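These notes concern the structure reproduced below.
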Amino acid sequence: MARPHEELYELCDYLRSVSVGLDSYEPESQDLPIIDSSGEEMGEMGVVKTQNREVLPGLRFLREEVKRDLQVLQKACPFLDDPESTSLLPLSTNAPYPVAVWQELLQARGAVAIYRTFHTVTHPQASRKPKNGSAKEHGVKVDVVADNGRRWIRVNTIKNSRILMEFCEMDSYLTSSDEDDGDGHSSLKNEKLISQEFDNSVLRMSRELLEAAKANPCSSNEIPSVTMRLTRLDPSLSDTDHETSDPRIAYTIDCLQRMGIDVQLGERQGIVKEMDNTSAQPIVFEPTTHINLDLSALIALISDTTHSHLPRDPEDANTRFIPPQRYVEWKKQRVRMLSDSPDAPSTWEDSGIHSKVLADQAQQEMKKGLLQDMHDRLRSTSPDLQNIQFWTTQEARQRCLQIVFKIAGTKERQRAEALLSCSIYSQTTTIPTHNQFWVHSRYPSNFIPLVPIRLYPSSEPDATSLKSFQPNPSSLFMTSLTSTCRNILSQEDISRHRESQSPPGHSAAPYLSNDEGDIPPPAVALANPKLTVHTVQSILWGAALGWTTLTTNRSSVKMLLKEMKRSTGGGALTYEPSNGNETARTSKAAIWIVKPRSLAEGSRSDCCSE
C-alpha cells in the first residue's frame, strides 16, 4: 500500500542524495596556465584549491539551503505517515528550486560561481552597501555563472497554475469592447498577445537579467548569454485546474526566445555528472620560445647560489652561510655595546635569519638546480634551444644593475654585466664578453642561451612598440591578464612621479641598508599596494605578447590573480585556448614560477673560491 504523499518522501530521499553530493562536490579542475617549479601548492592563487575545500563561491549557501529544506521535510514525515493526512493538501516546500540549481551546476561547463548577484547601470547605488535602516539594494540574481563567466543560468520553478493566476490578474485590468464571454482566450490570441501591455514575472526577470548582462561583460568585453531553466512551466500540458492550457504560456516562451534567451523546459534528469576521459586529464603547460624575465628572475639568474658548486649535504649548506658561533658571540657583545646608539641593529639574530634563508635556497638548488629545470623545460619547447630568447624591461635591467652594484659579490657583478651587456657600474676597465657569464658557473658555457638579454623598446607595450613584435595572446587568461595589468598601470602617473622624486638616501627595500646612496624604493601600485609598478610592467609585456613570464615573485602573481578574479568574477582563471581546441592537453604557459635565489656571494662564510 502506497504511503500518503509519496512524492514528498521521494523528494526527501532526493534531497539526501543532493546533500551528500554537495558535501563532496569538486568542480572541474581549473587549469591555470602557470608552471610552478617552486614545489608549493597553488593554494589561494587558484579558485578551487583550498585547504577547507571552499571550492566555489556560493557553494556554501546552496549546501545550507538544501540541508535546511531537508530538515523541514524530515520533521514533516511522521505527520505525513498519519492516514488522516491523505486528504490534506501537499506540503509546500522550496526544495525543487535548490535541487534544480544543483542539477544545473552538475551539467554546467566551467562553473565559476553560484547565487551571484549582479547590478545594472540603472542602479549604480547597488555597488554600495546599504546603510542601517535603508532598503535592500537592487540586484539581479544568477543561479549558476558558467562557461567561465560567459553564460548565466537562472532557474525559475513557476508552475502553470501560478502564471495563470498572473494572467487572470492581468485580465482584470484589460478591457475589450469586443470581449467574447464564450471564448476569451481566442480574442487574446489575436489582439492581447501582441499587446505591448502583455507582461508577467518571467518576462520581467528575463529583462533584468539581460540588462545586468550588458552592464557586466566578461574580461573580453563579451556580453554573457542568458539561459532560463523553466522547470515546471509547460505550454503543451493542460493545467489541473483548467481544461486547456493558456496560449499565453507559449507566447511567453516565444517572447523569451525573441529576446535572445536560451529557454530550457523541464527538469534535468539524474544527479551524476557526465565526464569524458579527455576532461579528466590535466593540461600540461610548456614555456614559450620567448621568455619574459622580471627583476626577481634576473637576480636569480645572477645569484651565486644558482651557479656555485652544490653543498655536499644540508649541514654543508648551513655551514656555508650560517655564521659560526664565534661570530654570534661577537655580534651579541657588539649589540650590547651599541645598545644606546641609534645605529645599533634591532636584534643580533637578523644576520642569522638571513643566513638561514640562503642555506635553504642552497638546499633547494640541491634538489634541482634553477638552470637545470629551465634547460629541461625549454627543451620541450625547442629541443636544441636554438629558438629560445630572453627579454626584459629597461626598468628591470636598471634596478638589477643598481642592486648588483650595491650588494653583489665580484662574480655576481661579472655575470650581471655579461647578461645585461652593460659595464656602466663596473669597477674594472675590461668589457665583459658573453662567455664571462659562465666562467665561475658549475654549468658548461651556453648551457642555456641566456646571453644577451634583449630589452623591450618602452616601459609598457603600446601600439607603436608592439609593431616590431607579433603579439599572440594564446588564451582568455592572457587577454584578461593584459587587461588587468593595464588597468592597474592606468592609475600610476602620480606613483611614477613620486618614484622619480624619491631622495637618494631613502629606501624601503628590505635587501638594502640605510647607507648613503641607496636605491630609491620601487613605486607601489595605487590599485594594490602589494604590487610594484615595475613588476606589473614586466608581466604586462609577457601577457600582451603571449610569452611566458619567468618570476620568483610568487606573492605578486597571487595579487594579480586576485585582481583578475575581482574584475572577471573568476571567469578568466581557467585556461581556455583561443583557437578553441578543447582536446589539446599541452599548451603554453603564461607564468612560470621558480624558487627565489638571492645574491649570496657576499654572505658566504667559507673562504674557498669556486
* Quick one: how many residues across segment 110-137 are surrounded by fewer than 20 Cβ atoms within 10 Å (Cβ to Cβ), at pLDDT 70 or above and in contact with a helix residue (DSSP H, G or I) (Cβ under 6 Å, 6 or more places away or on another chain)? -> 4
* Asked: So, in segment 20-36, of the ones that are surrounded by fewer than 17 Cβ atoms within 10 Å (Cβ to Cβ) and among the small types (Gly, Ala, Ser), which residue ends up modelled with the highest pLDDT?
  -> SER24
* **Matching residues in segment 301-328 - criterion: being modelled with pLDDT of 70 or more, over 39 Å from the mean Cα position of the chain (by Cα) and of a type outside the set (Val, Ile, Thr)** => ARG312, GLU315, ASP316, ARG320
* Residue check, PHE198 against (1) part of a helix (DSSP H, G or I); (2) surrounded by 13 or more Cβ atoms within 10 Å (Cβ to Cβ); (3) at pLDDT below 90, all met but one. Which one? -> (1)
* Selection from segment 438-450 of residues that are modelled with pLDDT under 90 and surrounded by 15 or more Cβ atoms within 10 Å (Cβ to Cβ) -> HIS440
* Asked: Can you name the residue in segment 461-480 that is part of a helix (DSSP H, G or I) and not basic (Lys, Arg) and, of all such residues, is surrounded by the fewest Cβ atoms within 10 Å (Cβ to Cβ)?
  -> SER468
* To do: Evaluate the following for LEU298: is it modelled with pLDDT of 80 or more and in the same structural domain as ASP360 (by TED's automatic domain parsing)?
  => yes
* If you take the residues of segment 467-513 that are more than 19 Å from THR535 (Cα to Cα) and hydrophobic (A, V, I, L, M, F, W, C), which of them is modelled with the lowest pLDDT? -> LEU476
* To do: Would you please name the residue that is surrounded by the most Cβ atoms within 10 Å (Cβ to Cβ), looking only at residues in segment 382-409 that are touching a His at 6+ places or on another chain (Cβ under 9 Å) and of a type in the set (Val, Ile, Thr)?
  => THR393
* Residues that are in a helix (DSSP H, G or I) and hydroxyl-bearing (Ser, Thr, Tyr), drawn from segment 371-392 -> SER380, THR381
* Asked: Taking interchain pairs and intrachain pairs at least six residues apart, which have beta carbon atoms under 6 angstrom, with the first residue in segment 393-404 and assigned to a helix (DSSP H, G or I) and the second surrounded by fewer than 23 Cβ atoms within 10 Å (Cβ to Cβ) and hydrophobic (A, V, I, L, M, F, W, C)?
  -> GLN394/LEU455; GLN402/ILE519
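The values are calculated or read from the model by the stated rules, or taken from the named source; none is laboratory data. The shown structure was predicted, so the numbers you read here are calculated from the model rather than taken from an experiment. Methodologically, a virtual Cβ is constructed for each residue, glycine included, from the backbone with ideal geometry; neighbour enumeration extends over all protein chains shown.
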